[in-house]
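**Student:** I have a structure I would like to understand better, so I am pasting it below and will then ask my questions one at a time.
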Amino acid sequence: MITSIRKAVDDLHSSLDTVAPASDDLHIMRARLRILENQNTELEMREQELHDQIAGYRVALAEMKGRSAELMNLINEHKSTESRFRQLFDLAPVSYLAVDEDGIIEQVNLAATCLLRLPSVQLINTPFSDFLCEADHSHLNEHLSAVAETHLSLKWQVTLQLRNGLSQRVMLVSSCIRARNASRMRYQIMVVDITQQLNTEKLLRNANDYLEKLAHHDPLTNLPNRTMFTDRLQSLVAQRALENGKVGIIYFDLDGFKPINDTLGHHIGDQVLCQVADRVHQHLSPVDTIARMGGDEFTIILGDPVDESAAVAVARKIARIISMPMTLEDGEVSVTSSMGVSLYPDHAMRIDDLIKGADAAMYQAKQAGRDQVRLFSRASVESFSRLSRLETCLARAVVDGQLELYYQPIYNTVSLTVESIEALIRWDHPELGIISPNEFIPLAEKTDRIVEIGRWVVETACWQANEWRRQGFSKPIAINVSTRQLLEPDFAAQVQRTLDCYQLPSQALEIEITESAIMIDHQRSRETLRQLQNAGHIVTIDDFGTGHSSLARLVHLPVSRLKIDRMFIKDLDQSEQMRSVISSIITMAHRLNMRVVSEGVEQASQLEFLSANQCDAVQGFMMSRAELPHDITRLLQLDNERINELCPDLPRLGLSGIWP
């Protein structure tokens with residue numbers, strides 16, 4: 001259109017050149033020309049506006065294309081995010097469910113299908129409450145309402161009732177997910193299996209209970225331990241203090257328990273401790289308390305008020321119960337006990353002193369020969385302090401050469417000559433002087449130094465036997481063997497190696513063992529004694545009549561000699577019954593092809609009775625005390641001379657024996 005107007009303008013300009021200047025047509029044409037020029041100008045302006053609009057539209061179109069590309073990118077990112085979220089939702093290890101405000105399941109992930117044991121198609125549109133146990137079923141709506149009101153994630157522990165009849169404890173963590181412009185509420189429920197957590201909590205509770213029990217009970221015997229014992233004793237003492245009453249406690253341990261533990265094994269030792277605990281517990285009053293203090297030491301609180309005689313009577317009853325043979329998986333074992341008794345407030349006002357007093361009385365019972373009951377005394381406390389010091393010093397006794405062997409001859413009652421010599425150990429302490437074996441041997445057995453001391457005795461006795469043989473005296477030496485030594489698997493071999501070292505025959509060393517030591521492990525003891533007898537050793541049962549052995553068992557032991565304990569001999573002159581007992585023992589032994597030795601002979605009348613009843617040998621202060629080797633050497637020199645020349649020389653030699 002603009003082009004046609006311009007052409008018309010150009011045509012008019014050409015026509016003006018041909019028209020006369022004064023002509024009316026010229027005026028008309030000029031008027032038309034002005035109109036056309038105005039129209040042309042207006043059209044040009046409009047054209048420019050259109051060009052500007054088109055340019056604007058092009059810019060806007062370009063912007064729209066850019067925004068469209070951004071929008072498409074956002075859409076693609078959203079789709080990718082939604083896909084990833086869906087994957088995360090489906091593959092999440094925790095179960096997720098989406099439910100509506102009525103609790104109808106709308107969406108589940110794979111973990112939820114595994115938990116509920118159903119595919120998703122069967123779970124969708126199913127009320128979630130169908131999977132809750134009866135107790136939780138009716139509370140689901142309350143839970144969801146609380147979530148909607150608080151707009152918080154709330155936890156709820158419930159029990160799922162699964163389709164296979166099983167139940168499972170879970171934790172629900174619920175939150176609301178109301179969508180924009182949505183009139184209904186939706187909820188997301190995370191279902192967490194807390195079975196392992198509950199099991200762990202149960203294990204922790206059990207562990208705490210066990211630790212609590214362990215803090216107050218002995219794990220082996222299930223008895224109260226030292227802590228609970230002390231607590232109960234304090235409570236009872238406080239009560240009796242108000243009532244002006246008394247409290248008795250018994251402290252005891254097992255004689256010879258360490259050899260059982262060391263030779264038969266800790267499992268056998270544990271069985272012994274458990275049987276002792278059960279036996280004592282069954283025979284105590286319901287108000288009494290037995291506790292294990294540690295090792296083989298036990299304590300008893302007598303719940304009823306008692307005096308000294310009643311407390312000692314209870315202790316003796318318990319001691320008898322403990323001494324009865326025990327049947328274990330490896331055979332029969334017998335143990336005895338040493339018991340100490342103390343009373344509040346008679347012997348101590350403080351708990352620690354009361355326990356210490358009973359402990360000291362127990363050690364006094366051990367010192368008296370074991371299998372004893374002793375009541376607290378000031379002397380027992382002093383003795384306990386002395387034993388504590390000795391126990392500390394005993395570690396250096398062998399190393400420092402403080403131990404010595406004294407020797408006491410054993411005389412044949414027919415020929416009145418020395419037939420053998422018993423080696424008796426002594427401890428010559430640099431400050432305390434000569435210490436009796438009755439004091440330190442129980443300590444050595446308790447601390448396991450008895451094995452070291454026993455080997456020293458074998459070595460020293462063999463050396464002395466060799467020395468005497470070089471001087472022309474071939475008397476055998478008898479050594480006392482501890483339970484711990486006897487139960488060593490290679491004891492017989494150890495003895496033989498030592499004899500071989502000094503080129504001595506087996507007959508040069510005799511073995512003495514107590515009844516109680518044999519009874520600890522009868523089968524193993526019998527086997528070791530048989531090995532010793534087969535090697536040629538004379539085996540003697542020492543202190544016969546003081547133990548708890550069975551005669552039926554003694555008959556089958558490989559022993560050659562019985563030694564009657566001095567407790568029978570000391571009352572020989574005053575007791576007809578004792579004379580009958582000794583006569584019976586001698587007769588029984590002879591019928592079993594055993595020789596008989598009586599120890600503790602101190603009077604001529606005792607020797608006369610024993611000789612008349614065919615006792616084979618005697619030893620005691622009447623003939624000779626235990627002496628050092630050089631004194632015994634002189635005695636052996638005299639023994640080789642005529643017996644009737646021995647009597648006047650004995651006093652001159654300074655020997656303590658007086659031959660009748």
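The values are calculated or read from the model by the stated rules, or taken from the named source; none is laboratory data. Because the structure is a prediction, the values reported are computed rather than measured. Don't worry about glycine lacking a Cβ; one is built from the backbone with ideal geometry, like all the others, and counts go over all protein chains shown. The area values use the complete protein model at the heavy-atom level, side chains included, leaving out ligands, DNA and RNA. Shrake-Rupley method; radii C 1.70, N 1.55, O 1.52, S 1.80 Å.
**Student:** How large is ³J(HN,Hα), in whole Hz, for each residue of the stretch 267-283 in order, when computed from phi with the Karplus curve 6.51 cos²θ - 1.76 cosθ + 1.60 and θ = phi - 60°, using x for Gly and Pro?
**Tutor:** Along the stretch 267-283, the couplings run 5, 6, x, 5, 4, 4, 4, 5, 5, 4, 4, 5, 4, 5, 4, 5, 9 Hz.
**Student:** Here's another thing I want to ask about it. Using the scaling law 2.2 N^0.38 Å as the reference, what is the normalised Cα Rg of the stretch 567-641?
**Tutor:** 1.24
**Student:** Now for a separate question. Could you please put His217, His266 in sequence from largest to smallest accessible area, using a 1.4 Å probe?
**Tutor:** The ordering from most to least exposed comes out as His266, His217.
**Student:** Just reorder His51, His537 by solvent-accessible area, largest first, 1.4 Å probe, all chains present.
**Tutor:** Listed by decreasing accessible area, they come as His51, His537.
**Student:** Along the Cα→Cβ direction, 7 angstrom out, place labels at Arg389 and Gln197. What is the inter-label distance in nm?
**Tutor:** Distance between label points: 6.6 nm.
**Student:** Let me ask something else about it. For Asp255, list long-range residues whose amide hydrogen, built 1.01 Å from N in the peptide plane, is under 5 Å from its own amide hydrogen.
**Tutor:** Thr336, Ser337, Ser338
**Student:** Taking the 0 to 90 degree range and rounding to the nearest ten, how far is the long axis of helix 226-243 tilted relative to the main principal axis of the chain, both from C-alpha atoms?
**Tutor:** The answer is roughly 70 degrees.
**Student:** For Cα pairs less than 8 Å apart in space and 6+ apart in sequence, what is the mean separation divided by the residue count of the chain, i.e. the relative contact order in percent?
**Tutor:** 7
**Student:** What does the accessible area per residue of the chain come to in Å², with a 1.4 Å probe and no ligands, DNA or RNA counted?
**Tutor:** On the way: 33960 Å² over 660 residues.
On a per-residue basis, 51 Å².
**Student:** At a 1.4 Å probe, what is the % contribution of carbon and sulfur to the accessible area of the chain?
**Tutor:** 51
**Student:** Set the Förster distance to 35 Å, then compute FRET efficiency between Met64 and Val121 from the Cβ-Cβ distance, nearest 0.05. Numbers along the way, then the final one.
**Tutor:** Working: r = 44 Å, r/R0 = 1.27.
E between Met64 and Val121, to the nearest 0.05, is 0.20.
**Student:** Also, I was wondering about something else. What are the residues whose amide H is under 5 Å from the amide H of Cys615, where those residues sit 5 or more places off or on another chain and H is modelled from the backbone?
**Tutor:** The answer is none.
**Student:** Follow-up. Taking amide H atoms as placed 1.01 Å from N in the peptide plane, list the residues 5 or more away in sequence, or in a different chain, whose amide H sits under 5 Å from that of Tyr407.
**Tutor:** Leu424, Glu627, Leu628
**Student:** For the chain, what is the mean residue ellipticity at 222 nm derived from helices alone (per DSSP H run of n ≥ 4: -39500 (n - 2.57); sum divided by total residues; nearest 500 deg cm²/dmol)?
**Tutor:** That comes out to -16500 deg cm²/dmol.
**Student:** Provide the FRET efficiency to the nearest 0.05 for the Lys317-His266 pair, computing r from the beta carbons and using R0 = 45 Å.
**Tutor:** 0.95
**Student:** How far, in degrees from 0 to 90, does helix 629-639 lean away from the longest principal axis of the Cα atoms of the chain, to the nearest 10?
**Tutor:** 30
**Student:** Working from the alpha-carbon coordinates of the chain, get Rg over Rh, Rh being the Kirkwood radius.
**Tutor:** 1.57
**Student:** For the stretch 468-536, build the convex hull from the C-alpha positions and give me its volume per residue in Å³.
**Tutor:** Expressed per residue, the convex hull around the Cα atoms of the stretch 468-536 is 76 Å³.
**Student:** With no solvent and one equal point scatterer per Cα, compute the Debye intensity ratio I(q)/I(0) for the stretch 131-271 at 0.15, 0.17, 0.22 Å⁻¹ and report its log10, rounded to two decimals.
**Tutor:** One equal scatterer on each Cα of the stretch 131-271 leads to -0.92, -1.06, -1.28.
**Student:** Just to verify a number: FRET efficiency for Glu329 and Ala207, C-beta to C-beta distance, R0 = 25 Å, to 0.05?
**Tutor:** 0.25
**Student:** What distance in nm separates the two pseudo spin-label positions at Asn534 and Gln637, each 7 Å out from Cα along the beta-carbon direction?
**Tutor:** 4.3
**Student:** To check you understand DSSP bridge types, tell me what percent of the beta bridges within the chain (both residues inside) are antiparallel, rounded to 5. Display every interim value, and only then the final one.
**Tutor:** Working: 65 of 88 bridges.
About 75 percent, rounded to the nearest 5.
**Student:** Can you divide the C-alpha Rg of the stretch 214-299 by 2.2 N^0.38 Å and report the result to two decimal places?
**Tutor:** 1.22
**Student:** Mind pulling the angle between the C-alpha long axis of helix 195-216 and the longest principal axis of the chain? Nearest 10 degrees, somewhere in 0 to 90.
**Tutor:** 30
**Student:** Could you check the simple spin-label distance between Leu43 and Leu220, using points 7 Å along Cα→Cβ, in nm with one decimal?
**Tutor:** About 12.5 nm, to one decimal.
**Student:** Using 0.36 nm times the number of residues separating Arg169 and Asp278, minus their current alpha carbon distance, what extension gain do you get? Before the final figure, lay out each step's value.
**Tutor:** Working: separation 109, 0.36 × 109 = 39.24 nm, distance 4.20 nm.
So the extension gain works out to 35.0 nm.
**Student:** What list of ³J(HN,Hα) couplings, whole Hz, do you get for the stretch 245-252 from phi and the Karplus terms 6.51, -1.76, 1.60, once you set θ to phi - 60° and write x for glycine and proline?
**Tutor:** Here the 3J(HN,Hα) series is x, 10, 10, x, 10, 10, 10, 9 Hz.
**Student:** Assign one of three labels to the stretch 455-499, namely rounded, prolate or oblate, based on the Cα gyration tensor with a ≥ b ≥ c the square roots of its eigenvalues; rounded applies when a/c is under 1.5, prolate when it is not and a/b is larger than b/c, and oblate otherwise.
**Tutor:** prolate
**Student:** Take the Cα atoms of the stretch 162-228, build their convex hull, and give its volume per residue in Å³.
**Tutor:** Dividing the Cα hull volume of the stretch 162-228 by its residue count gives 145 Å³.
**Student:** Moving to a separate point now. Just to verify a number: what accessible area does His283 come out at with the full protein assembly present, 1.4 Å probe, Å² rounded to tens?
**Tutor:** Accessible area, nearest 10 Å²: 90 Å².
**Student:** Another question, if that's okay. Please report the base-10 log of the normalised intensity I(q)/I(0) for the stretch 400-546, using a Debye sum with one equal scatterer per alpha carbon and no solvent, at each q in 0.18, 0.21 (1/Å).
**Tutor:** Taking Cα atoms of the stretch 400-546 as identical point scatterers yields -1.15, -1.49.
**Student:** Can you tally the net charge around Ala493? Count Lys and Arg as +1, Asp and Glu as -1, for every other residue whose Cβ sits under 15 Å from the Cβ of Ala493. Don't jump to the answer; show the numbers that get you there.
**Tutor:** Values: positive: Arg455, Arg497, Arg524, Arg530; negative: Glu459, Glu488, Asp490, Asp500, Glu527.
With Lys, Arg at +1 and Asp, Glu at -1, the net is -1.
**Student:** Hey, what's the Kirkwood Rh for the stretch 242-360 if you take every pair of different alpha carbons, in angstrom?
**Tutor:** Final number for the Kirkwood radius of the stretch 242-360 is 14.9 Å.
**Student:** I've got another one for you. Once phi is turned into θ = phi - 60°, what whole-Hz ³J(HN,Hα) does the Karplus curve with 6.51, -1.76 and 1.60 give for every residue of the stretch 477-486, x standing for Gly and Pro?
**Tutor:** My calculation for the stretch 477-486 gives 10, 9, 10, 8, 10, 7, 4, 4, 5, 4 Hz in order.
**Student:** A further question on this structure: What's log10 of I(q)/I(0) for the stretch 328-482 at q = 0.12, 0.18 Å⁻¹, Debye sum over Cα points only, no solvent?
**Tutor:** Each listed q corresponds, in turn, to -0.68, -1.09.
**Student:** Provide Ser605, Ser235, Ser624 ordered by accessible surface of protein heavy atoms (probe 1.4 Å), highest first.
**Tutor:** Heavy-atom accessible area, descending, gives Ser235, Ser605, Ser624.
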